[in-house]
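> Encoded as structure tokens, here's the structure I'll be asking about.
Any read-out appearing in this document is the output of simple, stated calculations on the displayed coordinates, not a laboratory observation. Computed from a predicted structure; not experimentally measured. Here Cβ is always computed from backbone atoms with ideal geometry, including for glycine, and neighbour counts include all displayed protein chains.
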Amino acid sequence: MWKFILKRLAATILVVVAASILTFGILHLTPGSTPVTILKYAFIGLEEIPTEAEITEITERYMLNEPLYKQYYCWLKQAVQGDLGDSCVYKLPVAELIGLRFPATVLLAGLSVALSLLMAIPLGILCAVKRNTFFDHLGRISALFAVAMPSFWLAYLLIIIFSLGFDFFPVAGFRGISSLVLPCVTLAAGMGAVTMRMMRSSMLEVMSQDYILTARAKGLYETGIISRHALKNAFLPVVTVVGLQFGHMLGGSVIVETVFAWPGIGKLLIDSIFAKDIPMVQGCVLLMATTYALVNLLVDLSYALMDPRIRYGRES
Amino acid sequence: MDAALVANKRNKEVVVRSVKRDKLLGFSSAVVLIIVLVGVLAPLIMPHDPISVSFADKVKPPSFQYPFGTDPLGRCVLSRVIQGTRTSLVAAAVIVSISGVGGVLVGLISGYKGGKADSLIMRSVDVMLAFPSIILAMALIVSMGPGLGSVIVALTLVHWTGYARLVRAEVLTLKESEFVEAARAMGNSSSRIIFKYILPNVIAPVMVMASLDIAHIVLSMASLSFLGLGAQPPEAEWGAMINQGREFIRTAPHVTLFPGLALMVTILAFSLLGDSLRDYFDPRLREGYIE
Amino acid sequence: MVTKQTTSPLLAIRGLITHFQVKETIVKAVDDVSLDIYPQEVLALVGETGCGKSVLALSILRLLPKNSQIEGSIRFNGVEILEASEEELRKLRGKEIGMIPQSQATSLNPLLKVGWQVREVLQLHKTLGKFEAREKVVKLFTRLQLPDPAKKMNYYPHQLSGGMRQRVLVSMGVACQPKLILVDEPTKGLDAVLRKEVVTMLGEEAAENRSSMLLITHDFSVAAVLADRIAVMYAGEIVEMGSAAEILEKPGHPYTQSLLDSLPGRGFKPIRGFSPSLSSLPAGCRFQPRCRDACPDCSALHPKIALTGANHYVRCFLC
């Protein structure tokens with residue numbers, strides 16, 4: 001168990017370090033990465049001619065005269081202390097601005113995950129139990145469509161149907177609980193469909209195992225066989241998928257927040273990209289990658305808690 | 001359970017699945033073929049110029065002249081959807097072939113050679129796979145500047161990892177198989193064994209992955225273009241078209257509806273093709289196969 | 001042992017046919033099988049893998065996949081199993097008819113503690129409370145010589161050795177003192193020492209609970225130790241049935257003879273050819289393509305099972 005946790009912890013740290021290198025690289029990967037090219041690519045535009053003052057400022061701010069590893073070391077040292085620099089647009093610390101926006105994304109993503117699981121798991125189980133019936137076919141076809149539907153397009157369909165047609169939910173911004181409905185449904189649809197398909201196939205796989213036959217031979221009620229013997233086993237692979245889905249959800253939140261003008265970190269990222277606010281972009285990317293790594297660490301740990309084969313090693 | 005019983009059960013599933021599978025495979029490959037034909041023949045079948053602006057005709061609803069209506073700049077939506085098919089397919093083909101060939105090569109070498117190089121490569125693949133792919137792509141695009149070219153480079157850099165990991169796993173099992181052992185005993189060189197004996201056996205799973213990957217790539221590309229990071233105006237691209245129509249969803253929903261539909265059909269077709277190819281290639285599901 | 005033939009049988013199977021419909025072909029896993037098991041009797045069903053013996057056991061519990069068809073009659077203790085409702089069957093399973101499944105490695109639920117898995121069946125059928133059931137499980141584990149029984153209850157299957165898992169499965173099958181125990185390949189995947197222990201343990205359990213036993217095995221040496229009577233199955237049919245002593249000493253059917261000759265202690269001669277597929281059986285006698293004594297009649301006519309001695313039945317023209 002401890003070996004497993006340490007291994008996963010080490011992997012997570014590796015990913016976070018890689019994320020920091022990538023984030024650092026956003027600025028320094030620009031072709032040439034001389035002060036002038038960085039200025040042109042990242043801040044003022046390719047056609048502009050940078051002034052002497054701008055060049056001096058950028059060189060000083062990013063220590064471009066120093067060797068690359070030194071720049072990275074200084075940047076990392078500050079980042080670890082929570083100092084991600086100042087936003088070029090707002091002239092305020094990046095960490096502070098992100099702190100203001102992050103809760104909105106956590107709320108949106110958290111509710112969407114909850115909604116998708118609430119839909120996907122019972123439906124997946126039901127489809128597996130009622131395999132090859134009309135209900136199963138309907139569920140599988142809807143899931144197929146939900147997976148293939150681009151979230152931004154689904155968002156507009158929902159807007160057309162609900163907000164404009166019936167005027168139920170607000171179309172944009174944050175105006176209380178009802179503002180959450182359409183973004184959450186949009187985000188949850190794709191993830192829910194993937195989880196549902198996984199739940200169904202996992203359940204079918206488990207129901208054909210020898211230990212289910214053993215349970216049947218004991219004379220258990222069918223409901224007991226499903227709830228006590230099959231479900232727990234069927235959940236295991238689904239847990240991993242939910243963790244991976246969370247990554248798609250972070251990506252999806254960028255789109256959904258843009259469509260619904262939701263004041264989260266995804267919208268902030270996109271706005272910063274277009275405003276060429278590089279420190280802000282770095283902060284958002286670093287936060288998203290770190291969050292994803294931590295969520296997957298949590299998922300792996302809960303997997304270990306659910307599976308005694310990992311919790312207690314093999315006794316020899 | 002008795003072997004006979006297991007065999008029977010499997011046999012039944014094989015038969016039922018093979019019938020369903022053949023139908024699905026036929027259907028999805030037919031749809032994919034149509035999509036590809038639309039992309040290839042785009043210049044011939046477009047009723048109007050997809051780029052030229054005509055303010056007199058802006059946001060017209062579908063009509064005989066413009067079957068899908070016109071967009072906010074008076075361009076024929078049908079022509080732009082057709083041109084968008086070409087854009088998406090060409091970009092997806094470039095991304096899949098480069099990342100596929102690169103990933104397969106890395107996987108072959110990593111799996112066959114093993115050792116330090118292998119663990120280094122696979123560790124970096126693991127790290128890359130541990131990123132939300134679209135965020136990774138966005139970070140890369142930021143440093144290259146928005147545009148379709150950046151999207152292609154970014155998605156290529158993101159997607160090779162999947163092939164590398166898949167091929168490596170296949171190679172690890174194939175490496176121990178008898179026919180490879182025999183080839184080695186006969187004194188074949190490593191490169192000959194890799195390309196003559198191992199490569200043909202990893203083609204099938206790679207094809208399956210590529211088909212599923214095209215669906216992914218088309219979606220990622222449209223998402224990035226929708227956000228304004230990909231195709232730039234006046235290029236016709238489905239995601240960008242949906243973005244251009246967003247202010248008009250109340251008055252002119254057709255501007256967003258049709259490119260979205262094209263996007264969905266394409267994604268659906270390629271993922272169905274991938275799924276049915278997987279069933280087709282899976283030896284355990286092949287007809288008549290009994291342990 | 002009681003003189004069984006005077007009492008009425010506990011389990012009476014008549015003309016049992018279990019088929020699987022696989023698209024257009026029909027797989028005849030069990031074909032016209034009739035047999036009796038008397039109270040406290042051990043009947044061994046011997047045959048090669050794939051001859052339909054496990055399907056026979058699952059037919060008795062009606063635990064077959066949906067594409068199966070059953071015909072004939074299975075009377076257990078006066079109840080017709082093929083006409084019983086799902087609820088009646090559920091009450092028989094585990095309580096009146098216990099099953100000890102094959103493959104100890106996969107037959108226990110990996111996520112549940114083994115004590116819980118045994119306790120479950122007691123709480124269900126014996127309406128014991130949690131505490132009493134736990135006591136009972138400790139007693140069962142002790143009787144089955146599972147070391148440190150109270151502690152082992154809280155173990156998960158992967159923490160136990162193969163032999164211990166086999167004991168857990170046995171304790172599960174006999175927990176409710178069933179009238180009939182179905183044992184499917186109890187020695188599969190166990191080494192020689194463990195095999196002997198498990199066989200002894202099964203015999204003791206059947207005697208302790210005064211249960212009858214249907215012992216399914218491919219191994220004559222296991223049957224020889226435990227069985228009162230032996231039925232030999234080939235390609236879905238019973239080809240020979242009689243008292244254990246008689247079958248082992250004076251086997252009538254060429255297949256039984258070949259099987260016995262293939263044992264390490266009795267010549268170690270393999271049987272030529274392979275068992276036929278249950279979906280395309282040979283014409284005439286099903287064993288005839290592999291039989292060393294086959295005559296022209298054997299491939300033309302299908303022999304009926306016939307009495308050749310005292311309670312000794314053989315399905316062969318030559319006997």
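> 222 nm [θ] for chain B, helices only, -39500 (n - 2.57) per DSSP H run of 4+, per residue, to 500?
Here the helix-only value at 222 nm equals -24500 deg cm²/dmol.
> Write out the chymotrypsin sites (Phe, Trp or Tyr not before Pro) in region B:54-86 meeting two conditions: DSSP loop, and at most 12 other Cβ atoms within 10 Å of their Cβ.
Here the chymotrypsin sites (Phe, Trp or Tyr not before Pro) that fit, given the DSSP loop and packing criteria, are B:F64.
> Another question about this same structure. Name the residue, out of B:V151, B:V90, B:V77, whose mean-square fluctuation peaks in a Gaussian network model built on chain B with Cα pairs under 10 Å.
It is B:V90.
> What's the Cα-based Rg to Rh of chain B, Rh via Kirkwood?
A ratio of 1.07.
> Amide H of C:V22 versus every other amide H placed in the peptide plane: which residues, excluding those fewer than 5 positions away on the same chain, fall under 5 Å?
Those qualifying (amide H under 5 Å, at least 5 residues apart or on another chain) are C:V27.
> Between B:R278, B:R168, B:R246, find the one with the highest GNM mean-square fluctuation for chain B; connect C-alpha pairs within less than 10 Å.
B:R246
> To continue, here is another question. Kirkwood hydrodynamic radius for chain A: how many Å is it when counted over pairs of different Cα atoms?
22.5 Å
> Can you show me the helix-derived [θ] at 222 nm for chain A, built from DSSP H runs with n ≥ 4 at -39,500 (n - 2.57) apiece and divided by the number of residues, rounded to the nearest 500.
-23500 deg cm²/dmol
> Divide by every residue of chain C the summed helix terms, -39500 (n - 2.57) for each DSSP H run of at least 4, and state the resulting mean residue ellipticity at 222 nm, rounded to the nearest 500 deg cm²/dmol.
-9000 deg cm²/dmol
> For chain B, list the DSSP H helices whose alpha carbon atoms reach 18 Å or more along the long axis and whose average Kyte-Doolittle value is -0.5 or above?
Result, helices passing both filters: B:3-40, B:77-113, B:115-129, B:148-175, B:199-226, B:254-281.
> Expressed as a whole number of Å, what is the distance separating the alpha-carbon centroids of region B:66-102 and region B:205-284?
If we compute the Cα centre of each part, the gap is 9 Å.
> How large is the charge dipole for region A:214-316, taken about the Cα centre, if only the Cβ atoms of Lys, Arg (+1) and Asp, Glu (-1) carry charge, to the nearest 20 debye?
540 debye
> Moving on to the next point. Please average, across the residues of B:140-150, the number of beta carbons from any other chain that are within 10 Å of each residue's own beta carbon, and give a whole number.
Other-chain Cβ atoms within 10 Å of each residue's Cβ, averaged: 4.
> A follow-up question, please. Which helices, counted as full DSSP H runs in chain A, have an axial Cα extent of no less than 27 Å and a Kyte-Doolittle average of -1.0 or above?
Passing helices, by number: A:2-28, A:94-129, A:178-207, A:231-259, A:278-306.
> Looking only at C:E205, C:E185, C:E135, which one moves most when chain C is put into a Gaussian network model with springs between Cα atoms under 10 Å?
Fluctuation is largest for C:E135.
> Would you work out which of C:P39, C:F131, C:A57 lies farthest towards the positive end of the dipole of chain C, given +1 charges on the beta-carbon of Lys and Arg and -1 on that of Asp and Glu, about the Cα centre?
Result: C:F131, furthest along the dipole toward the positive end.
> Quick one: divide the alpha-carbon radius of gyration of region A:244-288 by 2.2 N^0.38 Å and tell me what you get.
For region A:244-288, the normalised Cα radius of gyration comes out at 1.09.
> Also: If you wrap region C:101-160's Cα atoms in a convex hull and average its projection over all directions, what's the area in nm²?
Result: a mean projected hull area of 4.2 nm².
> Going by how many other Cβ atoms sit within 10 Å of their own, how do A:D86, C:D184 line up, fewest first?
The fewest-first ordering by Cβ neighbours comes to A:D86, C:D184.
> So what's the gap between the Cα centers of region C:155-229 and region B:31-50, to the nearest angstrom?
69 Å
> Across the residues of B:67-75, average count of Cβ atoms on other protein chains within 10 Å?
0
> Additional query: Given the C-alpha centroids of region A:84-128 and region B:184-199, what is the distance between them in whole angstrom?
Cα centroid to Cα centroid, the span is 50 Å.
> Name the longest site-free stretch of chain A, where the excluded sites are GluC sites (Glu not before Pro) in a DSSP loop with no more than 13 other beta-carbon atoms within 10 Å.
A:49-314
> A further question on this structure: For region B:19-106, evaluate the Debye formula with one uniform point scatterer on each Cα (no solvent term) and list log10 I(q)/I(0) at q = 0.12, 0.13, 0.21 Å⁻¹, rounded to two decimals.
For the requested q values the scattering log ratios are -0.53, -0.60, -0.96.
> While we're looking at this one, here's another question. Considering only DSSP states other than H, G, I, E and B, which chymotrypsin sites (Phe, Trp or Tyr not before Pro) in region C:194-298 qualify as loop sites with at most 13 other Cβ atoms within 10 Å?
Within region C:194-298, the qualifying chymotrypsin sites (Phe, Trp or Tyr not before Pro) (loop, at most 13 other Cβ atoms within 10 Å) are C:F268, C:F274.
> Averaged over A:142-150, how many beta carbons belonging to a partner chain fall within 10 Å of each residue's beta carbon?
Taking all residues of A:142-150 together, the mean is 5.
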